[in-house]
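What follows is calculated from the coordinates using simple rules that are stated; it is not laboratory data. Keep in mind that this is a model prediction, so the values were computed, not measured. Cβ sites come from the backbone with ideal geometry, for glycine too, and all protein chains shown count toward neighbours.
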């Protein structure tokens, strides 16, 4: 799977580990920055880069890492067509894709450890939207909300 991966400075160490892990699983991963942990940057810039990669088709899904994951999730969800979910457990990661068709996973590097982040990312990338009538109906309602109707 093509995955866009981005972080701010707080998420950089976990992003770097995720990059290696996801590539090791056979995913095609685009590292969209940031480049280091010691130069402060703004998470909305990197959440936007990852979300735009999904919207353009350059990536099928994205993972964004910041300190708590909250800011990245808020920022990514401002782009029409993005359904970002903050997940700190494997159930939410796969269920978010299966039921809600999330296309961006947000993680908090100061909240979870590396091993759990790997498991969450694996659950997210392995899951597929169920297309069950009830889930599609709900997704259609979200799309309508997004359109301002």
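Numbers for the structure displayed
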read-out: Inter-part distance where the range 106-149 and the range 4-49 are each reduced to a Cα centre, Å; value: 19 Å
read-out: At q = 0.23 Å⁻¹, base-10 log of I(q)/I(0) for the range 59-108 (Debye sum, equal scatterers on each alpha carbon); value: -0.76
read-out: Value of [θ]222 nm, deg cm²/dmol, for the chain, DSSP H segments ≥ 4, -39500 (n - 2.57) each, nearest 500; value: -15000 deg cm²/dmol
read-out: Radius, Kirkwood style, for the range 98-149 when every pair of distinct Cα atoms is counted (Å); value: 12.8 Å
read-out: Rg/Rg_ref, the chain, where Rg_ref = 2.2 N^0.38 Å and atoms are Cα; value: 0.97
read-out: Most to least packed among 43-53, 76-86 [average Cβ atoms within 10 Å]; value: 43-53, 76-86
read-out: Ranked packing of 32-38, 63-69, most packed first, by mean Cβ within 10 Å; value: 63-69, 32-38
read-out: Backbone N under 19 Å from the residue 145 label point (7 Å along Cα→Cβ), restricted to the range 54-82; value: 70-82
read-out: Separation of the residue 1 and residue 31 label points, Cα + 7 Å toward Cβ, nm; value: 2.1 nm
read-out: Simple label model, 7 Å out from Cα along Cβ direction - residue 78 to residue 135, nm; value: 3.0 nm
read-out: Crossing angle, helix 133-146 versus the chain [Cα axis fit, 0-90 degrees, rounded to tens]; value: 70 degrees
read-out: Debye equation applied to the C-alpha atoms of the range 1-83, log10 I(q)/I(0) at 0.20, 0.25 Å⁻¹; value: -0.80, -1.18
read-out: Contact order relative to length of the chain, as percent, for alpha carbon pairs under 8 angstrom and 6 or more apart; value: 23 percent
